[in-house]
Amino acid sequence: MSPKTLNQLIATASFLFLLLSGSTGNSLAQKARVPPGGHLAVVADERLAALRSVPEPSARLLRRLSRGRLVSIRGTSRNRDGLVFYHVVVTRRTSGWLQSEAVIASWHAGDDSRLLRLIGGADEFDRVARSRVFLDAFPRSSLRPQVLLMYGDAAEEAAAKLSREAERRFERRELPANGAPEFSYYLNYSGLDRYNRQGVIFTFDRSAKKFHYDGAAWREIVHRYPSSPEAAAARKRLETQSTDRSR
């Protein structure tokens, strides 16, 4: 076995280990189905994740893959338009061609930068979900503090939106006077579920009836990257949270 092949095998094994042994709430670990063989990658841009019968964007669609899905890359092909497709295995019975920009891998140079660009152009849930993919796949990337800050900011932005949605919902449907405590209805609001699956934990301000992000990503920046440019911003967000809670 050549040194290059050995390094690729080690990188693939490390990638798989990181995806499956991530923190609590790791969405990839929860739904990961490990395909056999090849070099593992994960779907990061679901808009391009159409599994095709041949390496052409107009070819027969076999299935559409969801964000966070693991695939095994077996080969590469470039079509006449210059698009690069990967021949991937999804399950033991399913394989096909996937546009290369749909997936990222920790062993592929520059994929952390490419995924960072994807995060910036999304709405708050997509920013959270793509940030989660990044944090699981690239634990040693120098871009990690930036992504942690984006993850936390997107979660807090989502908290404001969810607060308005929950209040409107519970206004229309009066809560039973002798039922469970009011705050427990809010904390069980179904709109929180998809964020929880991405590792986001929300707290609830009972007096203001508002959700807030618990700040875990900001605290990680402060503790692990105290000299980074993002650390000052993270401290400010944590201080704001602390001030709001003390009022």
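Some notes on this structure:
- Close amide H pairs (under 5 Å, H built 1.01 Å from N) link L62 with L51, R52, S53, residues at least 5 positions away or on another chain.
- Chain lengthening between E171 and E56 when straightened (0.36 nm per residue, less Cα-Cα): 36.3 nm
- Carbon/sulfur fraction of accessible area - the stretch 136-247, other protein chains in place, 1.4 Å, %: 47
- Anisotropy class of the stretch 38-166 from Cα gyration tensor, a/c 1.5 cut: prolate
- Segment S242..N196, full-extension length gain: 14.3 nm, with 0.36 nm per residue of separation and the alpha-carbon distance subtracted.
The values are calculated or read from the model by the stated rules, or taken from the named source; none is laboratory data. Model, not experiment: these values are computed from the prediction. Protein only, heavy atoms only, side chains kept; ligands, DNA and RNA dropped before computing areas. Shrake-Rupley method; radii C 1.70, N 1.55, O 1.52, S 1.80 Å.
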